[in-house]
Amino acid sequence: MYAKGQTVIQYMEQLAPKYLAVPDDKIGLQLGTLQKEIKHVLITLDVTEAVVDEAIACQADLIIAHHAIIFRPLAQLQTDTPAGKLYEKLIKHDIAVYISHTNLDVAEGGINNWMAEALGIEASDSLEDVHTDELYKLAVFVPKSHHEQVLHATLQAGAGWIGNYSHCSFNVEGFGTFVPQEGTTPFIGKQGQLERVEEVRMETIVPSSIRAKVIQAMLKAHPYEEVAYDLYAMDLKGRTLGLGRTGRLTEPVTLREFVTRVKNGLDVPNVRVVGDLERPIRKAAVLGGSGGRYWKKAQFRGADVLVTGDIDFHTAQDALAAGITLIDPGHHAEKIMKKKVAEWMKSKLQENRYDTEVHVFSADTEPFQFM
């Protein structure tokens, strides 16, 4: 059995929810349809002609990429232009293209975490906050006989986190009253008769990002035909996620040694470096893509070095004068996402017993040559 297109994307959005993307980012389905079976998926950083040719060769129905193929609204679609030819080839072979960009950067366990892990950075903070979960207090009234069942389902769905403490809840026993009216099929009691039932008021914390999931799990586990529950917005804020990652190294190294680590960890042949190669590096920051403008934020976070792509001349000058070192492995260092996304997708498809195959674009889409 093959997964439907919407199912494949549902798994992708579990890894990188769309709400994590920065405003106006071009993400989501950009070409084609998801209303079909997906026998083969191709994971790539960019969508180039070589990528599309490989997608055709492996009979891919869907390409999942990091960088968008449509950046601006199309005024016309001319098939005698490079972009037009690319779109035409995709459409003729019925290959859909889905983009996961800054949402994959921001996501916990996404590109910036993968890059930090590859560099031995114990990532803790982001460089710039993008999304903070609003918190809600969920209060549910449950018959005592089903309290543990409903509590377990609600917490398993992700409710009950306070900081690094999970399964947090508060439970008070009491009595609930109700009269089932005509047309009801009560779990407890009879129509027209006042019932007095031993119940538990169960309270827990629910982040806005999984509110629907938690409510659905609670309702499914609850035995009542009509469930009494309250949901209150709280002043407290939940988890904050953002662009980039900062953290300490397990042990200090020189900038020269850290450069070697960057080249090996991100699989790049060359890097550009700003700063004294013998300077000790204790804390580092990393940001996939073009992150030169974030050097001040990295310095504010206490980082000795910022690893990011596309650093321009004046940014390098300013950072050097301010005393922070920079390493530019190129924008293409984000290629780390290909293998990682493929591993995630394969595990999800296998877990749900789908025969859909996942492929990784093996060639390099780096536009620069180093001479």
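Would you pick out the residues in the range 221-241 that are under 27 Å from the mean Cα position of the chain (by Cα) and surrounded by fewer than 14 Cβ atoms within 10 Å (Cβ to Cβ)?
LEU231, TYR232, ALA233, MET234, ASP235, LEU236, LYS237, ARG239, THR240
Please count how many residues of the range 121-154 are assigned to a strand (DSSP E or B), of a type in the set (A, V, I, L, M, F, W, C) and touching a Pro at 6+ places or on another chain (Cβ under 9 Å).
Of the residues in the range 121-154, 2 are assigned to a strand (DSSP E or B), of a type in the set (A, V, I, L, M, F, W, C) and touching a Pro at 6+ places or on another chain (Cβ under 9 Å).
Which is surrounded by 15 or more Cβ atoms within 10 Å (Cβ to Cβ), farther than 23 Å from THR7 by Cα and more than 26 Å from the chain's Cα centre (by Cα), of LYS89, LYS85?
Just a single option satisfies the conditions, and that option is LYS89.
ASN112 fails exactly one of the following numbered conditions: (1) assigned to a strand (DSSP E or B); (2) under 28 Å from LEU45 (Cα atoms). What is the number of that condition?
ASN112 satisfies every listed condition except (1).
Keeping to the range 209-238, report how many residues are of a type in the set (Ser, Thr, Tyr), touching a helix residue (DSSP H, G or I) at 6+ places or on another chain (Cβ under 9 Å) and not in a loop (DSSP other than H, G, I, E, B).
Counting residues in the range 209-238 that are of a type in the set (Ser, Thr, Tyr), touching a helix residue (DSSP H, G or I) at 6+ places or on another chain (Cβ under 9 Å) and not in a loop (DSSP other than H, G, I, E, B) gives 2.
Throughout, read-outs are computed from the coordinates displayed, never taken from laboratory work. Keep in mind that what you see is a predicted model, and the values were worked out from it rather than measured. Glycine gets a Cβ as well: all are built from the backbone with ideal geometry, and neighbour counts include every protein chain shown.
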